[in-house]
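The values are calculated or read from the model by the stated rules, or taken from the named source; none is laboratory data. Note that the coordinates shown come from a computational prediction; the quantities given were computed from them, not determined experimentally. Here the Cβ positions follow ideal geometry from the backbone for every residue, glycine too, while neighbour counts run over all protein chains shown.
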């Protein structure tokens, strides 16, 4: 079993979270403390699920499914920021590609588990 820090899916989700933390500093207050905080919380829960899935063998598939649910919530919230024009198209695409990479890796891991 690899340590969770060495998992590509962990690194990708952690990169997403750090990038979003930097970006969220520029959000208007109304969005920073509502949608922004929700995205941070979902991304953090995603990282914790990845850690849990790596440590568990019995419930790994279930925990990966839960992690994928967090990815979907992040996608919805990012789309809300885009649709309300609080995030530029370039940054939206960048963050969406990162979260999509996490989703692909989780789906692959689910298939192997």
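Residues checked against (1) under 16 Å from residue 43 (Cα atoms); (2) modelled with pLDDT of 95 or more; (3) in contact with a strand residue (DSSP E or B) (Cβ under 7 Å, 6 or more places away or on another chain); (4) surrounded by 13 or more Cβ atoms within 10 Å (Cβ to Cβ):
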site: 63; (1), (2), (3), (4): yes, yes, no, yes
site: 78; (1), (2), (3), (4): yes, yes, no, yes
site: 82; (1), (2), (3), (4): no, yes, no, yes
site: 90; (1), (2), (3), (4): no, yes, no, no
site: 96; (1), (2), (3), (4): yes, yes, no, yes
site: 101; (1), (2), (3), (4): yes, yes, no, yes
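Taking the criterion of being surrounded by fewer than 15 Cβ atoms within 10 Å (Cβ to Cβ) and farther than 26 Å from residue 87 by Cβ, the only residue of region 29-55 that qualifies is 55. Residue check: is residue 10 under 23 Å from residue 65 (Cβ atoms) and crowded, with 16+ Cβ neighbours inside 10 Å? So residue 10 passes the test.
Based on what the data block shows, is residue 46 touching a helix residue (DSSP H, G or I) at 6+ places or on another chain (Cβ under 9 Å), over 16 Å from residue 7 (Cα atoms), part of a helix (DSSP H, G or I) and modelled with pLDDT of 95 or more?
On the way: touching a helix residue (DSSP H, G or I) at 6+ places or on another chain (Cβ under 9 Å): yes; over 16 Å from residue 7 (Cα atoms): no; part of a helix (DSSP H, G or I): yes; modelled with pLDDT of 95 or more: yes.
The answer is no for residue 46.
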